[in-house]
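The values are calculated or read from the model by the stated rules, or taken from the named source; none is laboratory data. Keep in mind it's a predicted model, so treat the numbers as computed, not measured. Glycine also receives a Cβ, built like all others from the backbone with ideal geometry; neighbour counts cover every protein chain displayed. Heavy atoms of the whole protein, side chains included, go into the accessibility calculation; ligands, DNA and RNA do not. Shrake-Rupley method; radii C 1.70, N 1.55, O 1.52, S 1.80 Å.
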Amino acid sequence: MNSRTPPAPGHAPASAVWTARAGAQPPASSRAVSAEVSPDEAQAALQERPSLSIRRQLSVGFLLSLLLTLALAIVSMLMISRIIAKLAFLEAATNYTFEIQEARRYEKNYFLYHTDLSGALEHVRSARRILDEEGRNIAAVIGQAGFDTMTGHLKAYESLLSRLPKMDRGPAAPRETSAETQIEGQLREQGAQIVAVAEDLVWKERNSVNSMLAISQPVPVAFLGILILLMVYLATFISKRVLSPLNRMMAATRRIAQGDFTPLVLRRKYRDEFSELAMAMNHMMHQVVYRQELLVTTHKLKAVGTLTAGVAHELNNPINNIILTASLLQEDFQELDREKCLEMINDLVAESERAQKIVRNLLDFARESEVELESHQVQQVVEETLRLASNQIKLAKVKVEGIVEEHLPPIYGDRQQLEQVFLNLVLNALDAMPEGGALRIKLSNSEDREFVAVQFEDTGIGIPKQHLREIFDPFFTSKKAAKGTGLGLSVSLGIVQRHGGDIRVESEVGKGTTFTVLLPVAKVPANIGNSSEAPDS
Amino acid sequence: MEKKEHKEKATTQFDDWMIRIAFAEAGEPEMGFRLTGSEIERKTRLALDKIMVVRSERQKAEGESEVAANLGGEGVAAEPRGERLRVMVLDDEPIVGRRLHQALSKQGIEVEVFEDPRSAIARLGEAHFDVVVTDFRMEEINGVQVLEYVTAHCKHTRVILITGYATVEVAREALVKGAFDFIAKPFKPRDLRAVINKAALSLGFTTIE
Ligand SMILES: Nc1ncnc2c1ncn2[C@@H]1O[C@H](COP(=O)(O)OP(=O)(O)O)[C@@H](O)[C@H]1O
Ligand SMILES: [Mg+2]
């Protein structure tokens, strides 16, 4: 069943011999690759919005409700005082009508039973007093002109009345004189008019009071309604503008804690305190990412340092061959035949190329480059890594064996970073096998075919149970000061998680350790760049 | 003129290693680059003391083996000292073998070249070699193991180790175990010839150059 593919090209004898194999599926987690929104863009977008702070909005809202309440109080007070004034006036008007009616009663008695007129005059006088006192109020209701005619009528009535007693009358019931009859007619007319006007006044006032009451009743209700609406608006506003972004921020922090550093983008049109918070958080994430990259670089430099020792050593062989060959050519140039010369020159060329190849791998790895997400065959990346570490592997006397499942889908990621991850796992495995041993690298597809699993199985010292949790912590190392930095696994996990994958570990002390790197299978590349939304949106 | 210079250089390589060993034992980073002033002097004196100790140990070991050889007569190895110097070159780099064969045989040295330490050791059991030039780092069997075999079985054979990447510990081990000298990669044919010459002289050959 197992078929062998030819070993990796190049001089590295340590590169694994891959064995094709089907089956053996590791578990898989399901984390999506997160979309990359550049931090600067997000920050600029947050800053560009027009500024409208929640504080200002809240204060405006509360000020508005305060003003409303104040207005309601003032309006009600005004109305009530108006009504009180009206009521007072209505009373006066009623009194006035009453006085006039009394006066007319005396007047009637005077004509019918020839009683004394003084009663009538007295009532007219008190009516005059009322008019004098309430003149302004009355004028306000019926207008100055109406008031003037009213006073005119009253004056005329009064003067008519006062003219009556001047006429002589006999003790026995004398017949009315014609003058008297004339005055009587005028009096009747005037009196009727005065009563009509007074009654009209009362009626009008009553109406006005009624209508005022009718108005003043719904006013507080209306105010209350507006206030309630305002309160509802404020409440929804607070929950919408304060609580919901708060919830989203909470979701965002949860997401950040899981290592997703996609910058926050708020969906509001204006800038407020939450935009500031979002900007602060974006800045924080930017810094975290920056520090993380710094760690990645630090670790990479350390790895390059480790590899350089091996490369320097490996480089010695071709250089030695070149120097030996070139010196001999120089020494024996005269004696050597053409064929021998050619053979030596060919050796020179081949060895130079070998030296170039040894250095190029490391240079490729060491070169600083932008993160470039591309689809890769895992096998190639692993082979590249093994070539890179070939000297270390040789020095450590470790046998590397590769098992690869057929038809592995490509994965999506940054080649250099993935090499860094694999390299660290290989170097760790070598460190764990100081007396030599075997490193088995198995590439397979996860059960759901969402992930490619890369397993590094060593026969080293293993990891004690109590350390299994800690090994991924930055700066956790069990190695001597100069050897270990404790950055390898934490940096590797960071890289793999940013690729949407995960690293698992199983270990048995004294038997060996297996690290499994799960990398998501590449879908259509266009999808992956912008597929996922932030989980909080 | 030039040749003499090279001879000196070849001789000092040994001392070079001894100094490194001494420094390492003094607890200093290799070669003590960071030392200054009087400290350098102190450390260097210390280092030189160590060198003397290791040297005398080595000479003592050589003397003992000489005595043993004189008394014991037949070792495993056949007839020491032929007419011509016999040299075995053991290196897993085929080009090294080819070139050294070329460079030494034109000097009138009998050269046998091996790439595989096993067959080399097997051959050591069959034939006598005056000098074994072996690479330090090889798969399966390394230079020190070859050295151990030679010191155990071939009393009159000098071992020259070719090193590319030797730690101080390994160097000390090799020197104490009786390597004749080191030669560091990369080297020129005449560097090796100088060291072989030295070995030949110590075996009683007249100079080969
Ligand atoms: N394959 C392994 N076998 C045994 N222990 C391991 C292995 N890989 C990692 N470890 C443990 O995990 C620790 C952290 O590893 P790492 O983060 O790479 O830092 P470093 O290699 O610099 O110590 C190591 O010091 C070691 O104790
Ligand atoms: Mg490590």
For region A:209-219, 3J(HN,Hα) per residue [Karplus equation, 6.51 cos²θ - 1.76 cosθ + 1.60, θ = phi - 60°, Hz, x = Gly/Pro]: 4, 4, 5, 4, 4, 4, 6, 5, 5, x, 4
Amide proton proximity set for A:Tyr412, modelled H, under 5 Å, gap of 5+: A:His376, A:Ala522
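Suppose we look only past 17 Å in the calculated P(r) of region A:385-449. What percent of the Cα-Cα pairs does that tail hold? Before the final figure, lay out the partial values.
Values: 998 of 2080 pairs.
Across region A:385-449, Cα pairs with separations above 17 Å total 48 percent.
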Derived scalar couplings ³J(HN,Hα) [region A:417-424; Karplus, 6.51 cos²θ - 1.76 cosθ + 1.60; whole Hz; x for Gly, Pro]: 5, 5, 4, 4, 4, 4, 4, 4
Nearest 10 degrees, 0 to 90: helix A:273-332 Cα axis against chain A principal axis: 10
Whole-percent pair-distance distribution, where bins are 5 Å wide, for the alpha carbons of region B:82-202: 2, 12, 25, 27, 22, 10, 2, 0
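Which percent of the accessible area of region B:82-202 is formed by carbon and sulfur heavy atoms (probe 1.4 angstrom)?
Numbers: 2050 of 4170 Å².
Answer for region B:82-202 is 49 percent, counting heavy atoms of protein chains only.
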Amide H within-cut-off set for B:Leu90, under 5 Å, with H built and near neighbours excluded: B:Phe114, B:Val133, B:Thr134, B:Asp135
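Evaluate the relative contact order of chain A (contact order divided by residue number), counting alpha-carbon pairs under 8 angstrom at least 6 apart; express in whole percent.
Numbers: 677 pairs, mean separation 115.1, N = 537.
Computed over chain A, the figure is 21 percent.
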In region A:230-323, trypsin sites (Lys or Arg not before Pro) in a DSSP loop with at most 13 other beta-carbon atoms within 10 Å: A:Arg267, A:Lys269
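Which of the residue pairs A:Lys483/B:Lys188; A:Lys86/A:Lys155; A:Lys397/A:Lys511; A:Lys397/A:Lys523 have a Cα-Cα distance greater than 28 Å in the structure shown? If you can, show how the numbers build up before the last one.
Numbers: A:Lys483/B:Lys188 34 Å; A:Lys86/A:Lys155 25 Å; A:Lys397/A:Lys511 18 Å; A:Lys397/A:Lys523 39 Å.
Check vs 28 Å cut-off fails for A:Lys483/B:Lys188; A:Lys397/A:Lys523.
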For region A:59-216: relative contact order, % (alpha-carbon pairs under 8 angstrom, 6 or more apart): 31
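Take every Cα pair under 8 Å in region B:82-202 that's 6+ residues apart, average their separations, divide by the length, and report that relative contact order as a whole percent. Let's see the in-between values first.
Values: 185 pairs, mean separation 27.5, N = 121.
Across region B:82-202, relative contact order equals 23 percent.
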A:Gly437 long-range amide H proximity, modeled H, under 5 Å: A:Val398, A:Lys399
Backbone HN-Hα couplings from phi across region A:449-458 [Karplus 6.51/-1.76/1.60, Hz, Gly and Pro as x]: 6, 9, 10, 9, 9, 10, 9, 10, 10, 10
Buried on assembly, region A:322-338 (at least 40 Å² less accessible surface than by itself, 1.4 Å probe): A:Ile323, A:Leu324, A:Leu328, A:Glu331
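DSSP loop (so not H, G, I, E, B), at most 16 other Cβ within 10 Å: list which chymotrypsin sites (Phe, Trp or Tyr not before Pro) in region A:236-303 pass both filters.
Values: sites: A:Phe237, A:Phe261, A:Tyr270, A:Phe274, A:Tyr290; in loops: A:Phe261, A:Tyr270.
Counting only loop positions with at most 16 other Cβ atoms within 10 Å, the chymotrypsin sites (Phe, Trp or Tyr not before Pro) in region A:236-303 are A:Tyr270.
What total accessible area, in Å², is buried where chains B and A meet, using a 1.4 Å probe and rounding to the nearest 100?
2200
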